[in-house]
Structures are given as C-alpha cells and as structure tokens.
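One structure is given below, encoded as structure tokens.
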Amino acid sequence: MHGLGNVVDVGEAQNAQLKKKIHLHDLELDFWVEGQNEEEGEESRRRMESDVAVLNALEPPPHLEKLSIGRVIGTTVYTNWMTSLTNLKSLDINWCCQLECLPPLGKLPLLKELNISEEDGSEYESDEQVEEDIDEGDS
C-alpha cells in the first residue's frame, strides 16, 4: 500500500480491514507523500500524529510473514498490533529518518530477518538489545 501519508481519516485505514485478509502473508506499508522532506513545525507534528494513527489502524492479520514499513514520520514504528504478528519472519523498516525506537523484537518468536535502511544517522534503542530480542525468538 503506497501513499499512506496522504490518508488523513483513520476511518479510511480501518475500512481496509487488513486483519480479515486471510491470504495476506506479505505487506508493504509506504507513507511517502510529495514534499515530505520540506514539512516543518506544526505541519510535521500533524503528519507524525496522522502517520502513527493510520499505522495503528492498518492492523494486518496475525499470520503475516513479511512486513515492510517505509517513510513513516515519527520516532517509532511500534504499533498496538505489532506483537500479535507471531508468524512474522521478516521486518523491513525503510527511510524512517526520525526513528529512535524499535518494537520489542523478542515478542516476535519467528523473526529471522530485520532490515533497516537509510537510518540517516538515527540511533536505535530497544528495551533489550536487538540481538538478544531476536535470539529470544529462536527459543
């Protein structure tokens, strides 16, 4: 799904009813909008709140195996549904330049692959070290 940064009504995202898509195993959520890099101040804050709300509303089915999240304006991509993805094997986080915090990866028991691209110098932290989180998922 591309252009999610243009969604301003959380109801639109909820109407996608991704959680009911039983054959969905691979999902890309891309929040790119034209002029995204020029947003400042109040406009950037509103966009950040909107991206987080839309991301939370786009709850995918729990059997999802691969998730890619891109261009979210915000400091985290940890959603209220992330830990319910117990079959997730691959997580890609792309072009989220303000990202400071990762989801609790240890709560994703099958996660084998984590790709973070173009961090733009951001520092990442988690409640636990990323390596320990992924190792916990192996047991």
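The values are calculated or read from the model by the stated rules, or taken from the named source; none is laboratory data. If you're wondering where the values come from, they're calculated on a predicted model, not measured in any experiment. In this analysis, Cβ positions are derived from the backbone assuming ideal geometry, glycine residues included, and neighbour counts consider all displayed protein chains.
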Filter result (at pLDDT below 90 and part of a loop (DSSP other than H, G, I, E, B)) within the range 95-117: Trp95, Cys96, Cys97, Gln98, Leu99, Glu100, Leu102, Pro103, Pro104
Boolean, Asp92 is of a type in the set (D, E, K, R) and in a strand (DSSP E or B): yes
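Considering only the range 23-30, I want to know if a residue exists there that is under 14 Å from the mean Cα position of the chain (by Cα), acidic (Asp, Glu) and surrounded by 19 or more Cβ atoms within 10 Å (Cβ to Cβ). Can you show your working first?
We begin by selecting, within the range 23-30, every residue under 14 Å from the mean Cα position of the chain (by Cα); these are 26-30.
Of the ones still in play, those that are also acidic (Asp, Glu) are 26, 28, 30.
Among the residues that remain, those that are also surrounded by 19 or more Cβ atoms within 10 Å (Cβ to Cβ) are: none.
Among the residues of the range 23-30, not one is under 14 Å from the mean Cα position of the chain (by Cα), acidic (Asp, Glu) and surrounded by 19 or more Cβ atoms within 10 Å (Cβ to Cβ), which makes the answer no.
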Selection from the range 36-79 of residues at pLDDT below 90, polar (S, T, N, Q) and out of contact with any strand residue (DSSP E or B) (no Cβ under 7 Å at 6 or more places or on another chain) yields Gln36, Asn37, Ser44, Ser50, Thr79
Check the range 118-139 and report whether any residue there is within 16 Å of Asp30 (Cα to Cα), among the small types (Gly, Ala, Ser) and either at pLDDT below 80 or surrounded by fewer than 14 Cβ atoms within 10 Å (Cβ to Cβ) (or both). no
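For residues that are part of a loop (DSSP other than H, G, I, E, B) and among the hydrophobic types (A, V, I, L, M, F, W, C), scanning just the range 63-89, find the one that is surrounded by the most Cβ atoms within 10 Å (Cβ to Cβ).
Applying the first criterion (part of a loop (DSSP other than H, G, I, E, B)) to the range 63-89 yields 63-65, 71-75, 77-81, 85-89.
From what's left, among the hydrophobic types (A, V, I, L, M, F, W, C): 64, 72-73, 77, 81, 85, 88.
On the way: Leu64: 23, Val72: 27, Ile73: 22, Val77: 22, Trp81: 18, Leu85: 25, Leu88: 25.
Of everything passing the filter in the range 63-89, Val72 is surrounded by the most Cβ atoms within 10 Å (Cβ to Cβ).
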